[in-house]
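Below is one structure; the comments refer to it alone.
A short reminder: the numbers here are calculations on the coordinates, not readings from a lab. In this text, all values refer to a predicted model and were calculated from it rather than measured experimentally. Methodologically, a virtual Cβ is constructed for each residue, glycine included, from the backbone with ideal geometry; neighbour enumeration extends over all protein chains shown.
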Amino acid sequence: DNVWLDENDWLHLKITHRDGKWYSAEVFTEQSLGYGKYTFYVVGKLDQLNENAILGLFNYEDHSREIDIEFSRWGEPLNDNSQYVIQPYTVDGNTYKFNTITEGTHTTHWFDWNPNRIFFQSIHGHSLSLATPNHLIDSWTYTGNHIPTQGNEKTHINLWLLRGTPPSDGKEIEII
């Protein structure tokens, strides 16, 4: 009930409250897509996402083989609200945190993954490339020792609650 396509074939993910319980949403591919550019078009005010909610755009096989674009304040209202991560996130240099301030509701986020580097970028609007420097939200290039090799990873999009903690404002959350 928390994942659907609308009349434009746009994917909706929603955190809902039903029968006294909170429910999250996740979708993932059934096949590995391997090296390449993974682009995610998002509609939603990411800078207004509740501090207990997390939007994840990522490749995952296991906790040591994961490439993440994440939007969350991780339960702290004053934290930066965005990060690019190569697992394990506990290794110095594997996480790049920044603050996304949206201009409107449309943003594009991608990572370009190859055996030697992973390039991340987030921009205002929906586009396959950076149109002007003013459209840039942030970018990062990772060349460290934890670049996953392609294998059996799946591409995931999820919208969930940190430790199951309800949104602090008690409102349901939807991202397209």
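Each label point was placed 7 Å from the Cα along the Cα-to-Cβ direction; for residue 10 and residue 41 their separation is 0.9 nm.
Each Lys and Arg adds +1 at its Cβ and each Asp and Glu adds -1 at its Cβ; summed about the Cα centre, the range 1-100 shows a dipole of about 180 debye.
Show me the trypsin sites (Lys or Arg not before Pro) within the range 74-176 that DSSP assigns to loop and that have at most 15 other Cβ atoms within 10 Å of their Cβ.
171
Straightening the chain between residue 135 and residue 31 buys 34.2 nm, computed as 0.36 nm per residue apart minus the Cα-Cα spacing.
The alpha carbon radius of gyration of the range 1-63, expressed as a multiple of 2.2 N^0.38 Å, is 1.31.
Once you list every other residue whose beta carbon is under 10 Å from the beta carbon of residue 14, what net charge do they have if Lys and Arg are +1 and Asp and Glu are -1?
With Lys, Arg at +1 and Asp, Glu at -1, the net is -3.
Can you tell me the FRET efficiency between residue 114 and residue 172 if r is taken as the Cβ-Cβ distance and R0 is 35 Å, rounded to the nearest 0.05? My answer for the efficiency is 0.35.
Per-residue packing, averaged as other Cβ atoms within 10 Å, sorts the ranges 81-87, 28-34 into the order 81-87, 28-34, beginning with the highest. Which entry is the computed volume of the Cα convex hull per residue in Å³ for this structure: (1) 120; (2) 157; (3) 128? The listed entry that was calculated here is (3).
When peptides 1-9, 47-55 are ranked by their average number of other Cβ atoms within 10 Å per residue, the highest-first order is 47-55, 1-9.
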